[in-house]
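**Q** Before anything else, here's the structure in question.
FYI, it's all coordinate maths here, none of it is from the lab. Note that the structure is predicted; figures quoted are calculated from it, not measured. When we count neighbours, we look across all protein chains shown, and the Cβ atoms used for this are built from the backbone with ideal geometry, even at glycine.
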Amino acid sequence: MTAVRCHAEGEVLVIQLDRPKANAINVATSLELYAAFRRLDEDPALRVGVITGTGRFFSAGWDLGAANEGEAADADHGPGGFAGLTEYFTLSKPVIAAVNGLAVGGGFELALAADLIVASTAARFWLPEVQLGILPDSGGLLRLPKCLPERLAREMILTGRRLEPAEALAHGLVSQVVEPEALMEAALGLARQIAAGAPLAIRAAREILRATHGLDVAEGYRVMRSGAVPVYRAMLDSEDALEGPRAFAEGRAPQWRGR
């Protein structure tokens, strides 16, 4: 039985982790998730991905049952890394994590690898790895301090402290907090807003954000203008860069071609 279910809603690919009881992730599940994210990446009809879980958990992270049966902590989880996304650095389209419940350890790291997080009021976020004798090395150590105040991130990593949805929203970790029954519509609404933009502009924005993260403004300008992000030049020279202003002037919706 597959642990990952996918379906397209227009230009949005919904990826649902469905591996009872806790949506834990082993190597096989990572490979299934990677295949879903690769489908998003390669299908020109798809513009945005939404990753969510079923039941009480978004994901409990690394499958400790598989670990007990011999799956190594540093096992090869495939080209996208753990959960198929945490090291998928070439993914050209945005992903929204719709966190329906508990995002624990590697499940939290999967959410952190997304571009945006929408959380249910039932969501909770924490990294228990240090208490288990391991480390959150599938992005937790690297991404969390960039998303939260550094001292808070350190506290969560070193103690396993849980983050409630309201606190996550206050610190900007999540974009929205909604009731469980409204979660998917909120995530899909956000995805549709993104999909209404020009594909090359969205890709260029994501790559510039990645390339300039942590730089001061002057250095960020230098990187952006230097050709280090080729899609930026491609966007400026594209048909879509002409179509957007033309459609605005003509009072109509733009017809994006992605070129």
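**Q** Find the relative contact order for region 176-259 and round it to a whole percent, using C-alpha pairs within less than 8 Å whose residues are 6+ positions apart. List each step's numbers first, then the result.
**A** Details: 54 pairs, mean separation 24.0, N = 84.
Across region 176-259, relative contact order equals 29 percent.
**Q** Continuing with this model, one more query. Work out the charge dipole of the chain with +1 on the Cβ of Lys and Arg and -1 on the Cβ of Asp and Glu about the Cα centre, then indicate which of PHE37, ILE117, PHE248 is farthest towards its positive end.
**A** Checking the options against the dipole of the chain, the answer is PHE248.
**Q** Relative contact order for region 1-160: what percent, with Cα pairs under 8 Å and sequence separation of 6 or more?
**A** 20
**Q** Then there is this: In the chain, with Lys and Arg counted as +1 and Asp and Glu as -1 at Cβ, which of these residues, PHE108, PRO94, LEU127, has the Cα nearest the positive end of the dipole, that is, farthest along it?
**A** Result: PRO94, furthest along the dipole toward the positive end.
**Q** Using just the helices of the chain, give the 222 nm mean residue ellipticity in deg cm²/dmol: DSSP H runs with n ≥ 4 each add -39,500 (n - 2.57), and the total is spread over all residues, rounded to 500.
**A** Theoretical 222 nm ellipticity from helices: -12000 deg cm²/dmol.
**Q** Also, quick follow-up: Projected onto the charge dipole of region 4-195 (+1 at Lys/Arg Cβ, -1 at Asp/Glu Cβ, origin at the Cα centre), which of LEU169, TRP62, ALA73 gives the Cα projection farthest towards the positive end?
**A** Value computed over the given set: LEU169.
**Q** Among GLU11, GLU155, GLU42, which comes first, second and so on when ranked by fewest other beta-carbon atoms within 10 Å?
**A** Neighbour counts put them in this order, fewest first: GLU42, GLU155, GLU11.
**Q** If you don't mind, there's one more thing I want to ask. From the phi of every residue in region 132-144, what ³J(HN,Hα) in whole Hz does the Karplus formula 6.51 cos²θ - 1.76 cosθ + 1.60 yield, where θ is phi - 60° and glycine or proline is x?
**A** For region 132-144, the Karplus-derived couplings read 9, x, 10, 10, x, 9, 9, x, x, 5, 8, 8, 4 Hz, x marking Gly and Pro.
**Q** Right, something else. Of the DSSP beta bridges with both residues in the chain, give the percent that are antiparallel, rounding to the nearest 5.
**A** 25
**Q** Charges only on Cβ, +1 for Lys and Arg, -1 for Asp and Glu: so what's the dipole of region 17-97 about the Cα centre, in debye to the nearest 20?
**A** The dipole of region 17-97 has a size of about 420 debye.
**Q** Okay, moving on. When the dipole is taken about the Cα centre of region 4-195, and only Lys, Arg (+1) and Asp, Glu (-1) are charged at their Cβ, what size is it in debye, to the nearest 20?
**A** Magnitude of the dipole: close to 360 debye.
**Q** Would you please give the residues with an amide H less than 5 Å from that of ILE51, counting only those at least 5 places away or on a separate chain, with H modeled from the backbone geometry?
**A** Residues meeting the amide H criterion: ILE15, ILE96, ALA97, ALA98.
**Q** To continue, here is another question. Taking the beta-carbon count within 10 Å as an exposure proxy, list SER59, SER120 from fewest neighbours to most.
**A** Going from sparsest to densest Cβ surroundings: SER120, SER59.
**Q** Please turn the phi angles of region 207-215 into ³J(HN,Hα) values with the Karplus equation 6.51 cos²θ - 1.76 cosθ + 1.60 (θ = phi - 60°), one per residue in order, whole Hz, x for glycine and proline.
**A** The phi angles translate into 6, 5, 4, 5, 6, 10, 4, x, 8 Hz.
**Q** May I ask you to sort LEU190, LEU46 by Cβ crowding, counting other Cβ atoms within 10 Å and putting the fewest first? Don't jump to the answer; show the numbers that get you there.
**A** Working: LEU190 21, LEU46 17.
Ascending Cβ contact count within 10 Å gives the list LEU46, LEU190.
**Q** I would also like to ask the following. Using θ = phi - 60° and the Karplus form 6.51 cos²θ - 1.76 cosθ + 1.60, what ³J(HN,Hα) does each residue of region 166-177 get, whole Hz, x for Gly and Pro?
**A** Once rounded to whole Hz, the list reads 5, 5, 4, 5, 4, 8, x, 5, 10, 7, 8, 10.
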